[in-house]
Amino acid sequence: MGVLPLHATGKVRIICPSKAKEPYKQVIAELSLRSGVQVDFVKSVKASADQIFLDECGAPLTLDELKKLLLDNPVFVVGGPDGLSNPSDPKYSLGPYTLNHQIAIIVLLDLIFRVKFPNHPYNSH
């Protein structure tokens, strides 16, 4: 899979129209720091061209596809407790099931960490 270039490691964001709650809040903060990804919980999502919407009906997000997406420093949008009201294409999925929005953020942060730091000992298990 290789290592990502440095320009692809600092501007990736995740936004979610909700609030982080315990016990997820601490885990999200820790993984956000480790992966170098800013996570913002907002009142509403304003559409922009660089957003990538995650939805259980989307195309599977493989690690190879995630690596390609990270090159463009995207903004991932994870729906809140009620999902996304008007998701736009392209849509990707973390799996063919519905996840709690906070769990989805944790899974996405973990995947981003694995792609950004493929030689980290964490990835050997």
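Would you mind telling me which numbered condition in (1) modelled with pLDDT of 95 or more; (2) assigned to a loop (DSSP other than H, G, I, E, B) LEU109 fails?
Only one criterion in (1) modelled with pLDDT of 95 or more; (2) assigned to a loop (DSSP other than H, G, I, E, B) is unmet by LEU109, namely (2).
For LEU99, indicate whether it is part of a loop (DSSP other than H, G, I, E, B), farther than 20 Å from PRO118 by Cβ and under 15 Å from the mean Cα position of the chain (by Cα).
yes
Could you say whether any residue in segment 24-40 is free of Cβ contacts under 8 Å to residues at least 40 places away in the same chain and touching a Lys or Arg at 6+ places or on another chain (Cβ under 7 Å)?
For segment 24-40, residues free of Cβ contacts under 8 Å to residues at least 40 places away in the same chain and touching a Lys or Arg at 6+ places or on another chain (Cβ under 7 Å): present.
The values are calculated or read from the model by the stated rules, or taken from the named source; none is laboratory data. From a predicted model like this one, the values you see are computed outputs, not experimental measurements. Reconstructed Cβ throughout: ideal geometry from the backbone, glycine too, with neighbour counts over all protein chains shown.
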